[in-house]
Amino acid sequence: MNIAHIREQFPALHQKVHGKPLVYLDNGATSQKPKMVLDVLQEMEGKINGNIHRAVHYLSAQCTERYEKARTVVKDFLNADSEDEIIFTSGTTASLNLLAFSFGQTYVRPGDRIIVTEAEHHSNIVPWQMMCQRTGALLEIWEVDDTGALDPKKLEQILDKSEEVPKLLAITHISNVLGLVNPLAEIIQIAHYYNVPVAVDGAQGIVHKKVDVRSLDADFYAFSGHKLYGPTGTGVLYGKVKYLEEMAPWQGGGDMIETVSLRKGTTYAQPPLKFEAGTANFIGIAGLGAAIEFINGLNIKLIEDHENEITQKAIEALGQIDGCKILGIPGTYYGKTYEKIPVFSMTIEGAHPSDIATLLDRMGIAVRSGMLCAEPLLERFGITSVLRASFALYNTLEELDFFVESLKKVLKILR
Amino acid sequence: MTIKDKQAQIVEEFSFMEDWMDKYEYLIELGRKLPPLEDASKTEKNLIKGCQSRVWLDVKREDGRLYFRADSDALITKGIVSLLVIVFSGHTPREILDADISFIDQIGLREHLSPTRANGLLSMIRQIQMYALAASAENPA
Ligand SMILES: Cc1ncc(COP(=O)(O)O)c(C=O)c1O
């Protein structure tokens with residue numbers, strides 16, 4: 001199987017926008033879906049539809065089976081210990097909000113500290129700020145350096161600062177701006193040495209790296225289905241069972257209870273159901289299962305080589321554009337190798353990202369411009385907006401060339 | 001020229017342009033021609049919220065008329081605000097508040113802006129109207 005074959009399975013890639021063939025380079029925001037996923041959604045919406053975990057009838061049983069099968073698929077994909085560690089949510093943001101609420105409720109007291117890095121997406125900042133407001137905890141910032149890399153020594157300084165160790169480190173696997181792969185295993189090791197659990201924002205990480213939560217020893221790992229070639233409105237929170245058993249539930253409702261009594265009070269179900277109140281997006285989750293099975297069917301080595309080639313060539317080609325500065329350059333920082341996924345955020349002297357993106361759109365190219373939901377990181381670099389081209393496994397080298405050539409044309413108009 | 005006449009003139013100019021690349025290039029030209037605001041006027045107060053790029057709108061009142069100046073760090077946006085400045089600058093608050101703003105739809109600008117952009121444009125117009133409203137309340141003509 002080659003990239004052309006893979007492309008054929010994504011109907012959305014074969015359309016024109018503004019009369020030009022679509023070149024979709026906004027995969028960091030959301031990915032297109034393969035036919036395998038679309039078929040599952042259509043079949044279930046149109047036919048195999050019955051509420052899960054409730055009734056004895058055929059359709060309900062079918063849907064429950066598919067929903068729970070997706071849990072097994074996700075468990076295997078992450079190499080988790082058991083299905084009980086896989087909570088289905090509506091996306092990374094929901095996963096992180098759930099975690100911030102439930103973890104905060106159970107473990108965090110006034111004066112406690114929570115660490116976040118400066119390179120986080122707003123989704124991995126704001127829920128923690130809100131948790132701090134609720135609990136009276138304090139947010140500690142692990143700052144990035146001028147290249148965007150994180151110095152482990154700074155983490156140790158924060159961890160060493162007082163007798164009371166922080167309650168949690170929340171960190172992204174891969175920043176959606178920089179595209180640099182954080183050396184998670186080492187970082188988690190440091191945190192665990194101080195008995196600090198680690199919550200990972202895997203929204204970008206899960207898409208581009210093989211994630212093994214057991215060998216990483218991550219305590220929590222959150223991701224979205226829609227960036228992983230799956231349906232919108234689906235997500236996962238992986239959590240170690242020892243935490244999930246202790247943590248208070250987030251939302252209350254059906255499915256998350258054991259018994260409900262108006263007089264004696266309510267007892268909760270075991271995880272994961274304890275954290276899945278109400279009718280889940282079971283059709284979407286079945287689609288997420290299909291997306292992961294689609295990925296499992298691909299030659300991962302081929303995909304990785306392909307993405308690495310795009311990354312190398314893009315850095316070379318963009319580097320030749322006068323005044324173009326890419327944020328997040330792969331290399332060795334603090335003795336660790338930082339790889340880069342094909343996500344290229346850049347500033348270009350004399351041209352504003354929103355102008356560039358507007359003109360590229362007219363040429364059929366979809367890219368992002370703006371703050372990328374990472375205002376603190378942009379502020380750190382003293383900028384207010386970037387242009388981002390983010391590639392997926394179905395993007396070709398020809399598309400990269402076309403993007404670079406079109407960018408040059410646009411810059412001629414703008415500068 | 002009245003606000004209505006100015007709008008008609010813009011609509012006519014755009015009608016000669018066939019494709020949207022031409023229209024954007026025209027907006028970029030307008031953006032370049034708009035004199036930049038000095039840093040002292042690029043204040044938080046003059047910053048318009050809800051735009052993808054930063055946009056500042058400054059207003060001065062002279063002889064009962066409002067004079068607008070604007071700037072943006074993005075050129076196309078600057079071109080768009082330049083249209084607003086051309087249309088609204090030099091008119092009385094009453095004229096501004098009574099104006100029927102039709103040129104944006106007539107040149108197809110709204111449908112060719114992404115919704116985030118269109119929201120930004122709306123915020124700019126609202127800000128202009130707010131200034132006019134404040135001025136007319138202060139000193140009803
Ligand atoms: C690094 C990162 N974290 C979190 C999110 C939020 O994901 P979602 O909007 O799917 O909840 C995103 C995507 O925008 C992201 O790139």
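Brief remarks follow.
- Selection status of A:Ala170, within 13 Å of the ligand (Cβ to nearest atom), touching a Phe, Trp or Tyr at 6+ places or on another chain (Cβ under 7 Å) and either acidic (Asp, Glu) or closer than 24 Å to A:Gly382 by Cα (or both): yes
- So A:Ser406, is it touching a residue at least 24 places away in the same chain (Cβ under 8 Å) and either within 14 Å of another protein chain (Cβ to nearest Cβ) or among the polar types (S, T, N, Q) (or both): yes
- Within the span defined as region A:251-261, every residue fails to be closer than 23 Å to A:Pro34 by Cβ and touching a residue at least 12 places away in the same chain (Cβ under 8 Å).
- A:Lys209 satisfies every condition listed in (1) crowded, with 19+ Cβ neighbours inside 10 Å; (2) closer than 30 Å to A:Phe381 by Cα; (3) not β-branched (Val, Ile, Thr) except (1).
- Residues of region B:37-60 classified as surrounded by 13 or more Cβ atoms within 10 Å (Cβ to Cβ), part of a loop (DSSP other than H, G, I, E, B) and more than 11 Å from chain A (Cβ to nearest Cβ), total: 5
- Here A:Gln129 clears all of (1) outside any loop (DSSP other than H, G, I, E, B); (2) within 21 Å of A:Leu184 (Cα to Cα); (3) within 16 Å of the ligand (Cβ to nearest atom) except the condition numbered (2).
- Restricting region A:358-377 to residues that are in a helix (DSSP H, G or I) and either within 16 Å of the ligand (Cβ to nearest atom) or of a type in the set (S, T, N, Q) (or both), the residue that is least open to solvent (accessible area, probe 1.4 Å) is A:Leu377.
- Odd one out for A:Arg380, checked against (1) surrounded by fewer than 19 Cβ atoms within 10 Å (Cβ to Cβ); (2) over 23 Å from A:Pro330 (Cβ atoms); (3) touching an Asp or Glu at 6+ places or on another chain (Cβ under 6 Å): (2)
- A:Val200 vs. criteria outside any loop (DSSP other than H, G, I, E, B), touching a strand residue (DSSP E or B) at 6+ places or on another chain (Cβ under 7 Å), closer than 25 Å to A:Tyr334 by Cβ and open to solvent by less than 10 Å² (accessible area, probe 1.4 Å): yes
The values are calculated or read from the model by the stated rules, or taken from the named source; none is laboratory data. Remember, it's a predicted structure, so these values are computed and weren't measured experimentally. Because the Cβ atoms are built from the backbone with ideal geometry, glycine has one as well, and the counts that use them run over all protein chains shown. Just so you know, the surface numbers come from the protein's heavy atoms only, side chains and all, with ligands and any DNA or RNA stripped out. Shrake-Rupley method; radii C 1.70, N 1.55, O 1.52, S 1.80 Å.
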